[in-house]
Each structure stands twice: as structure tokens, then as C-alpha cells.
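One structure is given here, and the rest of the page talks about it.
Read-outs: derived from the displayed coordinates by stated rules, not from any lab. Owing to the predicted nature of the structure, the values given are computational and were not obtained by experimental measurement. A quick note on method: Cβ atoms are made from the backbone with ideal geometry, for glycine too, and the neighbour counts reach across all protein chains shown.
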Amino acid sequence: MRRLTLTAIALITVVLAPTALAKEPTAAQISGPGLHGGLSIGWTKPTSGSGSSVPNYGNRSAEATVMALAERSGFFPAVFRRSPDPMLETRPTGDLGPRYTIVFGLPGPGGGSLIVQDVYPYATPAPVTYTKPGQAFWDGQRTRGGWFVAAADLRQVLVGAGLPSTAPGSGDSWSWPVTTLVATASALLLALILLTLRRRLRPATQRPRAA
């Protein structure tokens, strides 16, 4: 009976171990178009003597934002395999728009790990993220990785964190190639008008009077 009990405990430990280690990220850094110097959410430098080779995490005032970002960006199924699996092997169709990069700080064995995720907040019809498969974390584990189609509120979370409300170069403002073309055409038209007026206003050459 005692041996059976110990065996059951061992089996429960094996089953629950991955769940116990599945901690959530507590810090994030975002870089990309329009973010001069990037955005830092709950990121602090390692304290001396901590034994950590990556930044410490634990700014609890920012953990709620990081958690909301991780949940909506598909961080958990991309890092820890889940069933059913929402990850895609191929790039979703549609216009992805500009790419941003999120570096998540994940506490855990070995002083913590960094997980890199590409995010396309302005993709249509919905935001999209990509996590490279095989990223090492903790003690030799690897990310599942793949593409993830997120809900629209991922964009809202990112905008709330500091991203532009619309994709750089879109919205009411024209992109620079169109602006340059219009400016050049306007300058040429103005030069043509001035040249025409100058010719019209030039005094006619006086003819010599008859004797």
C-alpha cells in the first residue's frame, strides 16, 4: 500500500511539474517603427549578487500590462504546447503591416529567460504574432513557436502601452513617396504658370514707324 501511495505521488509530481514551471512573463521590451528608444514595461537591471545573467523581473505595477499582452499575443501556446493548439505553421494571408518586436522576460530556473516575439499590430483583418520555434528557455526547454492570429484587443493593449494608434505612414497622413511626388508636381506646375505669365507680360517689340 505504501509503495502504491509513493508511486501515485511520483506520477502526480511528474504530471504537475510542467504546470508548476509555467510561470508568466513579468516584463517586456517593445521596439519598432515610431518607438524612439523602444518601450520598457517592468524591466529592471539585475541586482548585484543575484546570479542572474538577464534583467530581473518583478515590477508588480507593470505585471498586469505584461500579462494582458502575453495572453493576447499567444505567448503561452507559443512557448508551452497546449491542446487544442492555436498556433499556425504558415504565415496568415493579408497585409501584415509594420513589424514590432517584443522581448518577454520569463522568470524561472537558470536566472530567467528571454523569449522574442514578432508582432504585427496593424495587420488586417486581425493582429498577428510570430514566435520563432526552438528558442531555449529555463533548463533546456524549447518554444513551440509558430504564427498566431490574435484578437483585435491586442492592438488596444499595445496602443495603451505606447504604440501609435495607427500604423506609421497610414491614416490621415500620406506616406513619404506620395508626399514627395505631389510636392514635385506642384513645384513644376507653379514654375510653368510663372513662365507663361512672364511671356504674356513681356512688352511686344516696337516696330519702326514709316517715314
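Points to keep in mind about this one:
- Residue separation of Thr44 and Leu192 scaled by 0.36 nm, minus their Cα-Cα distance, works out to 47.2 nm of gained length.
- Pairwise FRET efficiency - Asp153 versus Arg81, Cβ, R0 = 22 Å, nearest 0.05: 0.35
- Site pair His36 and Ala185 shows an inter-label distance of 3.2 nm when each label is modelled 7 Å from Cα along Cα→Cβ.
- Whole-Hz couplings from phi, Karplus 6.51/-1.76/1.60, listed for the range 81-86; x for Gly and Pro: 4, 10, 10, x, 9, x
- Taking Cβ atoms as reference points and 11 Å as the exclusive limit, the residues near Gly146 contribute a net charge of +2, counting Lys and Arg as +1 and Asp and Glu as -1.
- Each Lys or Arg adds one and each Asp or Glu takes one away; over the other residues whose Cβ falls under 12 Å from the Cβ of Val119, this sums to +2.
- Per-residue HN-Hα couplings for the range 99-104 [Karplus 6.51, -1.76, 1.60; θ = phi - 60°; Hz; x = Gly/Pro]: 9, 10, 10, 10, 10, 8
- Global geometry of the range 20-161, whether rounded, prolate or oblate, following the gyration tensor of its Cα atoms and the 1.5 cut on a/c: oblate
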